[in-house]
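Novice: Mind having a look at this structure? Questions to follow.
The values are calculated or read from the model by the stated rules, or taken from the named source; none is laboratory data. Here the structure is a predicted model, which is why all the values come from computation and not from measurement. We place every Cβ from the backbone using ideal geometry, glycine too, and count neighbours over all the protein chains shown.
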Amino acid sequence: MFKVSSYLSPRRLAVIDATSKTAAFRQTLDLFRDCPYIHDIDIFATEIFKREEVLATGIGNGIGVPHVRSIQVREPVAALTVLRKPVDYGSMDGKPVNIIIMIGMPDGANELYLKYLSKISLKFQNEQVRTAVAEAINVEDLCRIISML
């Protein structure tokens, strides 16, 4: 059985300073720059932003999960960033976001896509998990926490 950590590598975890949702997305997308599973990062980034225009991906409780299925993605990938200061996100609960989990899935991986989104949603409903992740001060902290999810 896969875990939240299944598609997250230490290279795609970060604690960031961002003053807006767009800046947070750009910094999170930067974590994919060296990813061998994404054909064209610029097209992937455009797809992430276009998906977000359709409907904000804030799932509540300070969590944003921008996601896309794309022919640019060869294998499932994810990046997680913790924002030192929450940003306005347009979330369904109206609260700002301080944790972003960005997901790229291969086009056609519908079942896996839905299962991974569901797993993230379920794990991050837990207040202790959200607090532990939000209070991480570096990548080492994030690695330790995420490895348990």
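Novice: From the list R74, R69, R84, pick out the single residue that is in contact with a Gly (Cβ under 9 Å, 6 or more places away or on another chain), at pLDDT 90 or above, among the charged types (D, E, K, R) and under 20 Å from R12 (Cα atoms). Break it down stepwise before answering.
Specialist: Values: R74 fails: in contact with a Gly (Cβ under 9 Å, 6 or more places away or on another chain); R84 fails: in contact with a Gly (Cβ under 9 Å, 6 or more places away or on another chain).
Only one candidate passes the filter, namely R69.
Novice: I've got another one for you. Quick one: which strands (runs of 3 or more DSSP E) sit completely within region 48-149 and have at least 1 residues that are over 15 Å from the mean Cα position of the chain (by Cα) and in contact (Cβ under 8 Å) with a residue 40 or more places away in the chain?
Specialist: Values: elements: 58-60, 67-70, 77-87, 97-106.
So the answer is 77-87.
Novice: Where the second residue is of a type in the set (S, T, N, Q) and assigned to a strand (DSSP E or B) and the first is in contact (Cβ under 8 Å) with a residue 40 or more places away in the chain and lies in region 15-27, which pairs have Cβ atoms under 6 Å and are six or more apart or on separate chains?
Specialist: Within 6 Å, the pairs are I16/T81.
Novice: Hey, any hits in region 61-82 for a residue that's over 19 Å from Y7 (Cα atoms) and of a type outside the set (V, I, T)?
Specialist: Taking region 61-82 and keeping what is over 19 Å from Y7 (Cα atoms), we get 61-62.
Next, from what is left, pick out any that are of a type outside the set (V, I, T): 61-62.
Scanning region 61-82 turns up at least one residue that is over 19 Å from Y7 (Cα atoms) and of a type outside the set (V, I, T).
Novice: Right, here's the next one. Run down T46, T28 and say which single residue is modelled with pLDDT of 95 or more, among the hydroxyl-bearing types (S, T, Y) and closer than 21 Å to L142 by Cβ. Outline the logic, then answer.
Specialist: Values: T46 fails: closer than 21 Å to L142 by Cβ.
Within the list T46, T28, the selection yields T28.
Let's see how each residue does on (1) in contact with a Phe, Trp or Tyr (Cβ under 8 Å, 6 or more places away or on another chain); (2) more than 18 Å from I146 (Cα to Cα); (3) among the β-branched types (V, I, T); (4) loosely packed, with under 14 Cβ neighbours inside 10 Å:
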{"position": "L8", "(1), (2), (3), (4)": "no, no, no, no"}
{"position": "L13", "(1), (2), (3), (4)": "no, no, no, no"}
{"position": "A23", "(1), (2), (3), (4)": "no, yes, no, no"}
{"position": "I48", "(1), (2), (3), (4)": "yes, yes, yes, no"}
{"position": "E53", "(1), (2), (3), (4)": "no, yes, no, yes"}
{"position": "A56", "(1), (2), (3), (4)": "yes, yes, no, no"}
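Novice: Can you name the condition, by its number, that I59 falls short on among (1) farther than 19 Å from G108 by Cβ; (2) modelled with pLDDT of 95 or more; (3) in contact with a helix residue (DSSP H, G or I) (Cβ under 9 Å, 6 or more places away or on another chain)?
Specialist: Here I59 meets the rest and fails (2).
Novice: Is one or more of the residues making up region 111-124 among the hydroxyl-bearing types (S, T, Y), in contact with a strand residue (DSSP E or B) (Cβ under 8 Å, 6 or more places away or on another chain) and over 27 Å from T19 (Cβ atoms)?
Specialist: Taking region 111-124 and keeping what is among the hydroxyl-bearing types (S, T, Y), we get 113, 116, 118, 121.
After this cut, where a residue has to be in contact with a strand residue (DSSP E or B) (Cβ under 8 Å, 6 or more places away or on another chain) as well, the list is 113, 116, 121.
Filter once more, keeping what is over 27 Å from T19 (Cβ atoms): 113, 116.
So far as region 111-124 goes, yes, one or more of its residues are among the hydroxyl-bearing types (S, T, Y), in contact with a strand residue (DSSP E or B) (Cβ under 8 Å, 6 or more places away or on another chain) and over 27 Å from T19 (Cβ atoms).
Novice: Give region 25-42 a look and list any residue that's surrounded by 13 or more Cβ atoms within 10 Å (Cβ to Cβ) and in a helix (DSSP H, G or I), or say none.
Specialist: Of everything in region 25-42, those that are surrounded by 13 or more Cβ atoms within 10 Å (Cβ to Cβ) and in a helix (DSSP H, G or I) turn out to be F25, R26, Q27, T28, L29, D30, I41.
Novice: Consider Y37 carefully, then state whether it is more than 15 Å from the chain's Cα centre (by Cα) and of a type in the set (F, W, Y).
Specialist: Details: more than 15 Å from the chain's Cα centre (by Cα): yes; of a type in the set (F, W, Y): yes.
Considered against the rule, which asks whether it is more than 15 Å from the chain's Cα centre (by Cα) and of a type in the set (F, W, Y), Y37 comes out as yes.
Novice: Here is a follow-up. Taking region 99-149 on its own, how many of its residues are out of contact with any helix residue (DSSP H, G or I) (no Cβ under 7 Å at 6 or more places or on another chain) and farther than 13 Å from S5 by Cβ?
Specialist: Of the residues in region 99-149, 26 are out of contact with any helix residue (DSSP H, G or I) (no Cβ under 7 Å at 6 or more places or on another chain) and farther than 13 Å from S5 by Cβ.
Novice: Report yes if D107 is over 29 Å from I43 (Cα atoms) and either of a type in the set (D, E, K, R) or in contact with a strand residue (DSSP E or B) (Cβ under 8 Å, 6 or more places away or on another chain) (or both), otherwise no. Break it down into steps so the answer makes sense when it comes.
Specialist: Working: over 29 Å from I43 (Cα atoms): no; either of a type in the set (D, E, K, R) or in contact with a strand residue (DSSP E or B) (Cβ under 8 Å, 6 or more places away or on another chain) (or both): yes.
No: the conditions fail for D107.
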